Amino acid sequence: MNCQPWLKALVYKCTNINHTCLLCDELAEQPHPICAACEQALPWLDEYCLRCALPLPMAGLTCAHCSRRPPAFEQVVAPWHYGFPLDTLVSRFKHNRQWPLGRLLAQMLSLNLRHRYAQGLARPTLLLPVPLARRRLRERGFNQAGMLAHWLAKELGIACQESVLLRTRDTPAQQTLDARARRRNLRQAFSVADQGACEGRHVAVVDDVVTTGATAQAIAQVLRQAGASRVDVYCLARTAKPGQA
């Protein structure tokens with residue numbers, strides 16, 4: 001059974017140039033359904049760790065954790081930090097099935113990635129969405145990371161394979177755990193179905209939000225063991241440390 005929604009039918013309004021802003025309902029007057037004022041009001045991430053994209057007070061730095069223990073992934077790319085109203089948009093897409101919001105965020109992420117490619121960011125040859133636990137996939141009916149990855153693949157012209165990464169065991173929801181518990185929770189939680197799909201390739205893992213980086217680290221380790229030459233992480237938003245504005 002295919003739990004993914006029919007993307008073209010559900011988000012067809014986003015391809016209409018005469019659309020209104022999905023945030024304020026005013027005329028967007030842009031190629032994507034968000035007006036310039038609402039786009040500017042999003043929590044853009046300008047100062048962040050060069051490896052994990054953790055929000056920092058200054059640009060061009062590497063956080064203490066990545067300096068002490070360099071992660072298995074090369075870089076996290078996130079246009080925004082997880083703050084208002086971006087957090088509300090992600091929640092409405094993820095939990096309320098508001099597909100046009102997800103499509104809009106994927107379009108804007110693709111524009112951000114194109115800009116970074118022009119500035120020298122290495123372009124991957126394969127996009128891999130973070131797999132969802134079977135139980136949560138049955139409950140939710142779709143994998144938001146899979147939808148984002150397929151939209152990005154179409155916008156960027158990069159191949160996307162949803163069956164390469166597997167979730168080998170169901171784990172408790174990460175939202176309820178601290179950083180150390182998240183790492184323990186994800187031990188042996190992922191595997192690669194086709195070792196040859198990653199051999200010698202630069203791949204990018206797609207997720208909605210990176211919180212502690214535990215999921216990204218666990219998946220990157222598995223992909224590197226499968227022969228991937230480089231692993232990047234593409235997401236909509238990066239959260240700050242607890243207690244950090």
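Condition test on residue 187, is it modelled with pLDDT under 90 and either within 12 Å of residue 126 (Cβ to Cβ) or within 19 Å of the chain's Cα centre (by Cα) (or both)? So residue 187 fails the test. The residues of the range 80-94 that are assigned to a helix (DSSP H, G or I), in contact (Cβ under 8 Å) with a residue 40 or more places away in the chain and not hydrophobic (A, V, I, L, M, F, W, C), listed by number, are 87, 94. With respect to residue 72, is the statement that it is part of a loop (DSSP other than H, G, I, E, B), at pLDDT 95 or above and under 27 Å from residue 197 (Cα atoms) true? Here the answer is yes, as residue 72 does meet what is asked. If you check 132, 104 for being under 17 Å from the mean Cα position of the chain (by Cα), within 16 Å of residue 33 (Cα to Cα) and surrounded by 14 or more Cβ atoms within 10 Å (Cβ to Cβ), only one passes: 104. For the range 184-235, enumerate the residues that are among the aliphatic types (A, V, I, L, M), under 25 Å from residue 110 (Cβ atoms) and outside any strand (DSSP E or B). Within the range 184-235, 197, 216, 219, 220, 223, 228 qualify.
Please verify whether residue 137 is surrounded by 20 or more Cβ atoms within 10 Å (Cβ to Cβ), part of a helix (DSSP H, G or I) and of a type in the set (A, V, I, L, M, F, W, C), treating the condition exactly as stated. No, not satisfied. Put simply, of 208, 194 the only residue that is among the acidic types (Asp, Glu), touching a residue at least 24 places away in the same chain (Cβ under 8 Å) and crowded, with 20+ Cβ neighbours inside 10 Å is 208. Kindly indicate whether residue 162 is in contact with a Pro (Cβ under 6 Å, 6 or more places away or on another chain) and either of a type in the set (Lys, Arg) or free of Cβ contacts under 8 Å to residues at least 40 places away in the same chain (or both). It is true that residue 162 is in contact with a Pro (Cβ under 6 Å, 6 or more places away or on another chain) and either of a type in the set (Lys, Arg) or free of Cβ contacts under 8 Å to residues at least 40 places away in the same chain (or both).
In the range 107-126, the condition of being touching a strand residue (DSSP E or B) at 6+ places or on another chain (Cβ under 7 Å), outside any helix (DSSP H, G or I) and at pLDDT below 95 is met by no residue.
The values are calculated or read from the model by the stated rules, or taken from the named source; none is laboratory data. As the structure is a computational prediction, the values presented were derived from the model and not from experiment. In this analysis, Cβ positions are derived from the backbone assuming ideal geometry, glycine residues included, and neighbour counts consider all displayed protein chains.
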